[in-house]
1. Please state which one of 49, 32, 45 is under 17 Å from residue 77 (Cβ atoms) and in contact (Cβ under 8 Å) with a residue 24 or more places away in the chain.
2. Where residues in region 54-66 are in contact with a strand residue (DSSP E or B) (Cβ under 8 Å, 6 or more places away or on another chain) and in a loop (DSSP other than H, G, I, E, B), which of them is modelled with the highest pLDDT?
3. What is the one condition in (1) surrounded by 10 or more Cβ atoms within 10 Å (Cβ to Cβ); (2) in a loop (DSSP other than H, G, I, E, B); (3) under 17 Å from the mean Cα position of the chain (by Cα) that residue 24 does not satisfy?
4. Scan region 67-80 for residues that are closer than 13 Å to residue 3 by Cα and either among the β-branched types (Val, Ile, Thr) or in a loop (DSSP other than H, G, I, E, B) (or both) and jot them down.
Amino acid sequence: MLVARPVTIVMGAPVPSPEERARLRAEQRDTVIEQIARYNPRAVVCVGVPFGHTRPQWILPHGGTVRLDGAARKVFADYS
């Protein structure tokens, strides 16, 4: 399971401190892993990949494939 880095800034709202953003990300990471483990404790989970509405941002292949190698702790994208 590949989970994007969460957005921690909302337009028009006060900007949280770096510490608060880190806390929010850690809280989401822990919750996501806990919930996935309830359904499939052997699932490979990679949380915090910078795609979606975040910066910096990885551009993922539209219609391509993304492969997660849990043993090597790597994410591969095929753009061909």
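The values are calculated or read from the model by the stated rules, or taken from the named source; none is laboratory data. The structure presented is a predicted model; accordingly, all values stated were derived computationally and were not measured. Here the Cβ is made from the backbone with ideal geometry for all residues, glycine too, and neighbour counts use every protein chain on show.
1. That would be 49, the only listed residue that is under 17 Å from residue 77 (Cβ atoms) and in contact (Cβ under 8 Å) with a residue 24 or more places away in the chain.
2. The qualifying residue modelled with the highest pLDDT is 64.
3. (2)
4. Correct list: 75 only.
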